Amino acid sequence: MTDALTLFDDVVPAETPVVNRLLQVRTVYAEPAAAASPRGRQVLARFPDAELVEVPSHWQIPDLHGNEGNVERWVRVKTETLVLGVKKSVSVRPNGRSADFIAPSTANGCAMACAYCYVPRRKGYANPITVFTNIDQITRAVQRHVARQGVKPEPNECDPFDWVYDLGENSDCSVDALVSDNIADLVATFRTLPTAKASFATKYVNRQLLELDPQGRTRVRFSLMPDADAKLLDVRTSRVDERIAAIDDFVAAGYEVHLNFSPVVLREGWEADWTALLQQLDDELSDAAKAQAATEVIMLTHNEQLHEVNLGWHPQAEEVLWRPELQQPKVSQNGMLNVRYRNDVKRAGVDRIQQLIAQHAPWLRVRYAF
């Protein structure tokens, strides 16, 4: 073990230390190649007081993965721990509704702690941010893939003109941008690609992103839900009012800004609370934001393993997330066994929220709802 800034003899890149309630990092677990890379050294320089611990693989950290005792430290681990790794596969995968393709991840895990998040299901009992440091390899893979696609032949629900690449399948890119310049590099990359655009959903307002000059080539999808739900389920995120207040600023800065109504949680009073949220959007967003807006509507999907984890650190959330009387098993596209609302319940919920959108925010195009 060693101090993060004394591992190397040569000069470490100058970086301003991160000062943020989400990230008070005490330990960085790192693969040696990741720690020695330029991007890894940048991350270490942003957390100069952290202890560096070498590990053979970012997936093989006994203190984190499979350590059931970490359930009781769920939020603390996210706050105090980072992981540096080299992403082995940089392949681009086809997607569907939200994006045409999934770009190689530049991070995995999150400093936030949304109670319904699916990412921890793969990582055992801890889910801090893992930064992948081979960003040059990742951006080259994206550039090659975009070049192979050529011009998009016809519109689809992802976008009428551009191929859309999701950047944040397993993380929140706005928080990732606090830790490294991976997201800044990707925004700059897509700025040069006239046939493609980047896309990511976020629950965190990082105003540093306003300085990246995306020139319309990056779509930010602000995830929203009624504040009553967010206070219970969106642990450590930016408050809903703050997310809404940022939308106009991101549009003015050159981002395409969509909304992400996800997850829609069916509980007593949900219709009234969603009505209030839609009315707030109608009242507060500018005409420019409304003109380019669209939304995705995603009903809650849950998982028995995550349910058990949540009972160990946030059982109150499970009172609304775990509703066996309303839910049925579902095998997801990734092969995981989850639970979702019963077909009749889900169908009624999807229909009702679309009715509410049409009534209270008729300018908001629904890209898809399921």
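Considering (1) crowded, with 21+ Cβ neighbours inside 10 Å; (2) of a type in the set (D, E, K, R); (3) outside any helix (DSSP H, G or I), the lone condition that Asp229 does not fulfil carries the number (3). Run down Asp63, Asp100 and say which single residue is modelled with pLDDT under 95, out of contact with any Leu (no Cβ under 7 Å at 6 or more places or on another chain) and farther than 15 Å from Asn170 by Cα. Residue meeting the stated conditions: Asp63.
Looking at Tyr125, is it out of contact with any Gly (no Cβ under 9 Å at 6 or more places or on another chain) and assigned to a loop (DSSP other than H, G, I, E, B)? Against the criterion (out of contact with any Gly (no Cβ under 9 Å at 6 or more places or on another chain) and assigned to a loop (DSSP other than H, G, I, E, B)), Tyr125 does not qualify. Of everything in the range 259-269 that is under 24 Å from the mean Cα position of the chain (by Cα) and either farther than 17 Å from Pro362 by Cβ or free of Cβ contacts under 8 Å to residues at least 60 places away in the same chain (or both), the residue that is surrounded by the most Cβ atoms within 10 Å (Cβ to Cβ) is Val265. Annotation note: of Val146, Val151, the sole residue that is part of a loop (DSSP other than H, G, I, E, B) and aliphatic (A, V, I, L, M) is Val151.
Reported count of residues in the range 85-128, each being within 23 Å of His302 (Cβ to Cβ) and not small (Gly, Ala, Ser), is 18. Among the residues examined, Ile138 qualifies as more than 16 Å from the chain's Cα centre (by Cα) and surrounded by 18 or more Cβ atoms within 10 Å (Cβ to Cβ). If you check Leu300, Leu337, Leu278 for being within 30 Å of Ile102 (Cα to Cα) and at pLDDT below 95, only one passes: Leu337. Summed over the range 158-189, residues that are farther than 26 Å from Val366 by Cβ and either part of a helix (DSSP H, G or I) or not small (Gly, Ala, Ser) (or both) total 14. Sub-6 Å Cβ pairs linking a first residue in the range 236-258 that is buried (at least 17 other Cβ atoms within 10 Å of the Cβ) to a second residue that is in a helix (DSSP H, G or I) and among the aromatic types (Phe, Trp, Tyr), at least 6 apart or interchain, are Val257/Phe250, ordered by first then second residue. For the range 315-364, the candidate set comprises residues that are within 30 Å of Leu285 (Cα to Cα) and loosely packed, with under 12 Cβ neighbours inside 10 Å; within that set, the residue that is farthest from the chain's Cα centre (by Cα) is Gln359. Going residue by residue through the range 87-110, is there one that turns out to be free of Cβ contacts under 8 Å to residues at least 40 places away in the same chain and acidic (Asp, Glu)? For the range 87-110, residues free of Cβ contacts under 8 Å to residues at least 40 places away in the same chain and acidic (Asp, Glu): absent. Checked against the criteria, Asp213 counts as more than 19 Å from Val43 (Cα to Cα), modelled with pLDDT of 95 or more and out of contact with any Phe, Trp or Tyr (no Cβ under 8 Å at 6 or more places or on another chain).
For first residues located in the range 310-328 and closer than 15 Å to Pro263 by Cα, partners that are surrounded by 13 or more Cβ atoms within 10 Å (Cβ to Cβ) and among the basic types (Lys, Arg) and lie 6+ apart or on another chain with Cβ distances below 6 Å form the pairs Val320/Arg267. For the range 210-237, filtering for residues that are farther than 27 Å from Arg191 by Cα and of a type in the set (Ser, Thr, Tyr) leaves 1. Applying the set (1) in contact (Cβ under 8 Å) with a residue 12 or more places away in the chain; (2) under 30 Å from Thr139 (Cβ atoms); (3) surrounded by fewer than 16 Cβ atoms within 10 Å (Cβ to Cβ) to Pro194 leaves exactly one unmet item: (1).
The values are calculated or read from the model by the stated rules, or taken from the named source; none is laboratory data. Every value quoted in this text rests on a predicted model; they were computed, and no experiment measured them. Reconstructed Cβ throughout: ideal geometry from the backbone, glycine too, with neighbour counts over all protein chains shown.
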